[in-house]
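My questions will all concern the structure given below.
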Amino acid sequence: MNKVKALIVDDSSVMRKIVERSLRQAGIDLAEVREAGNGAEALGVLKESTVDLILCDINMPVMDGLEFVKQLQTADNGKGVPVVMITTEGSESHVVQALSAGARGYIRKPFTPDQVKEHVIPILEAKQ
Amino acid sequence: MNPAQQALTQNSCPEGWLPLLELSAREVFEIMLNSKLEPAGEDTSAPPSEFTAMVGLAGQLCGILTLRCSAQTASLMTCRMLGSDPAQAKEQMWDAIGEVCNMVAGNFKNKLTGMSDGCMLSVPTVITGADFTFHSLADAGSLELTMIFEGAPIQIALEVHS
């Protein structure tokens with residue numbers, strides 16, 4: 001698999017580090033990791049850099065993850081980049097809302113590196 | 001109205017919630033901190049409230065979930081989450097404790113039949129320092145759980161509004 005540029009969106013810097021570590025533990029070769037603390041920041045990051053994969057929380061201040069995924073579908077930059085939600089919100093309605101908005105995967109916190117692997121690798125393989 | 005909501009209108013937390021809260025905490029600590037929580041003995045005293053993380057719940061289930069521990073325990077939790085040493089963990093303690101509380105709250109509500117869809121979580125808040133009094137406006141009971149993390153007590157409490 002090619003090296004991957006990832007964008008991790010979470011208001012917790014601790015969780016961003018854990019997600020990055022989980023991606024590496026899942027065997028994903030990361031070329032670059034960009035970070036954002038909310039959806040609005042993430043849209044800003046995507047204006048200046050391209051990424052292959054976005055991992056995104058839902059509950060965040062300023063712009064939450066669901067709104068970010070919706071706006072991403074019509075954004076000039078980042079449209080088509082697969083988004084996997086990683087969140088404590090585990091209800092069916094949240095899963096449906098996220099997938100309907102354009103997310104490609106959904107991981108509930110707490111999560112293991114194996115769960116990250118199981119959800120992310122097929123998405124990356126399909127993209128390549 | 002589901003059984004959990006019915007019980008809340010009778011000003012009590014439903015039976016069975018305490019084991020679910022304990023399971024929720026155990027899962028978070030095992031998966032995210034690689035640490036097994038132990039049951040507290042009857043003579044275990046509550047931890048000093050040097051770090052108190054809070055997450056609000058709103059919707060069909062309203063209330064607040066808190067996690068209290070000492071500063072030393074907060075530091076150790078952060079080290080476990082990040083795989084870092086205490087010096088590096090110092091700047092991240094608030095964030096880490098808030099996230100642990102957030103995951104316990106989310107995991108708990110996801111285990112409640114009929115509640116998960118209609119209940120939202122707030123972003124976490126963390127208070128440091130022990131010189132404060134917590135005045136809960138909960139009117140539908142509370143659950144309190146003291147467990148042992150790496151030899152030190154942590155306290156998890158859920159205050160519920162009807």
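With respect to residue B:136, determine if the residue is in a loop (DSSP other than H, G, I, E, B), more than 14 Å from the chain's Cα centre (by Cα) and touching a residue at least 40 places away in the same chain (Cβ under 8 Å).
Here the answer is yes, as residue B:136 does meet what is asked.
With (1) away from chain B (no Cβ under 14 Å); (2) under 11 Å from the mean Cα position of the chain (by Cα) as the list, and residue A:86 as the residue in question, which single condition is left unmet?
Answer for residue A:86: the failing condition is (1).
Scan the range B:109-141 for residues that are more than 14 Å from chain A (Cβ to nearest Cβ), surrounded by fewer than 16 Cβ atoms within 10 Å (Cβ to Cβ) and at pLDDT 80 or above and jot them down. Write out each step before concluding.
The initial filter retains those residues of the range B:109-141 that are more than 14 Å from chain A (Cβ to nearest Cβ), namely B:127-141.
Narrowing the set further to residues that are surrounded by fewer than 16 Cβ atoms within 10 Å (Cβ to Cβ) leaves B:128-137, B:139.
Those that are more than 14 Å from chain A (Cβ to nearest Cβ), surrounded by fewer than 16 Cβ atoms within 10 Å (Cβ to Cβ) and at pLDDT 80 or above: B:128, B:129, B:130, B:131, B:132, B:133.
Quick check on my filter: what residues within the range A:62-76 are within 14 Å of chain B (Cβ to nearest Cβ) and in contact (Cβ under 8 Å) with a residue 40 or more places away in the chain? Full working, then the answer.
To start, the set of residues in the range A:62-76 that are within 14 Å of chain B (Cβ to nearest Cβ) comprises A:62-66.
If the condition is that a residue be within 14 Å of chain B (Cβ to nearest Cβ) and in contact (Cβ under 8 Å) with a residue 40 or more places away in the chain, then A:65 is the only one that fits.
Restricting to the range B:12-38, what's the tally of residues that are surrounded by 14 or more Cβ atoms within 10 Å (Cβ to Cβ) and in contact with an Asp or Glu (Cβ under 7 Å, 6 or more places away or on another chain)?
Residues that pass the stated criteria total 1.
Quick one: would you say residue B:105 is under 29 Å from residue B:43 (Cβ atoms), surrounded by 16 or more Cβ atoms within 10 Å (Cβ to Cβ) and at pLDDT below 95?
no
Looking at the range B:40-56, is at least one residue within 12 Å of chain A (Cβ to nearest Cβ) and either out of contact with any helix residue (DSSP H, G or I) (no Cβ under 6 Å at 6 or more places or on another chain) or small (Gly, Ala, Ser) (or both)?
Checking the range B:40-56: at least one residue is within 12 Å of chain A (Cβ to nearest Cβ) and either out of contact with any helix residue (DSSP H, G or I) (no Cβ under 6 Å at 6 or more places or on another chain) or small (Gly, Ala, Ser) (or both).
I would also like to ask the following. Condition check: crowded, with 17+ Cβ neighbours inside 10 Å and closer than 23 Å to residue A:118 by Cβ. Does residue A:17 satisfy that?
Values: crowded, with 17+ Cβ neighbours inside 10 Å: yes; closer than 23 Å to residue A:118 by Cβ: yes.
Criteria met by residue A:17.
Is there a residue being among the small types (Gly, Ala, Ser), assigned to a helix (DSSP H, G or I) and buried (at least 23 other Cβ atoms within 10 Å of the Cβ) anywhere in the range B:48-65? I'd like the intermediate steps shown before the answer.
Of the range B:48-65, the ones among the small types (Gly, Ala, Ser) are B:49, B:53, B:56, B:58-59, B:63.
Of the ones still in play, those that are also assigned to a helix (DSSP H, G or I) are none.
No, the range B:48-65 has no match at all.
Do we find a residue being of a type outside the set (Ser, Thr, Tyr) and farther than 27 Å from residue A:65 by Cα anywhere in the range B:112-129?
yes
Cβ-Cβ under 6 Å, sequence separation 6+ or interchain: first residue in the range A:89-118 and of a type in the set (Asp, Glu), partner part of a loop (DSSP other than H, G, I, E, B). Which pairs?
A:89/A:58
Still on this structure, I have one more. Conditions: (1) farther than 23 Å from residue A:60 by Cα; (2) within 14 Å of chain A (Cβ to nearest Cβ); (3) buried (at least 22 other Cβ atoms within 10 Å of the Cβ). Residue B:75 meets all but one. Number of the miss?
Checking residue B:75 against (1) farther than 23 Å from residue A:60 by Cα; (2) within 14 Å of chain A (Cβ to nearest Cβ); (3) buried (at least 22 other Cβ atoms within 10 Å of the Cβ), the one that fails is (3).
Which residues, counting only those in the range B:66-78, are small (Gly, Ala, Ser) and either in contact with a helix residue (DSSP H, G or I) (Cβ under 6 Å, 6 or more places away or on another chain) or not in a loop (DSSP other than H, G, I, E, B) (or both)?
B:71, B:74, B:75
Moving to a separate point now. What number of residues within the range B:53-63 are among the hydrophobic types (A, V, I, L, M, F, W, C) and at pLDDT below 95?
Result for the range B:53-63: 4.
I've got another one for you. So which residues in the range A:89-128 are exposed (fewer than 15 other Cβ atoms within 10 Å of the Cβ) and either β-branched (Val, Ile, Thr) or within 12 Å of chain B (Cβ to nearest Cβ) (or both), if there are any at all?
A:92, A:93, A:96, A:114, A:121
Okay, moving on. Determine which member of the set B:93, B:81, B:147, B:103 is assigned to a helix (DSSP H, G or I), touching a residue at least 40 places away in the same chain (Cβ under 8 Å) and more than 8 Å from chain A (Cβ to nearest Cβ).
Going through B:93, B:81, B:147, B:103 in turn, just one is assigned to a helix (DSSP H, G or I), touching a residue at least 40 places away in the same chain (Cβ under 8 Å) and more than 8 Å from chain A (Cβ to nearest Cβ): B:93.
Further, regarding this structure: Could you list all residues from the range A:10-19 that are within 20 Å of residue A:68 (Cα to Cα) and of a type in the set (D, E, K, R)?
Correct list: A:10, A:11, A:16.
Report, by residue number, each residue of the range A:29-61 that is surrounded by fewer than 23 Cβ atoms within 10 Å (Cβ to Cβ), within 14 Å of another protein chain (Cβ to nearest Cβ) and modelled with pLDDT of 95 or more.
Those that are surrounded by fewer than 23 Cβ atoms within 10 Å (Cβ to Cβ), within 14 Å of another protein chain (Cβ to nearest Cβ) and modelled with pLDDT of 95 or more: A:35, A:37, A:38.
The values are calculated or read from the model by the stated rules, or taken from the named source; none is laboratory data. Because the structure is predicted, anything quoted here is derived from the model rather than measured. Please note: Cβ atoms are built from the backbone with ideal geometry, for glycine as well, and neighbour counts cover all protein chains shown.
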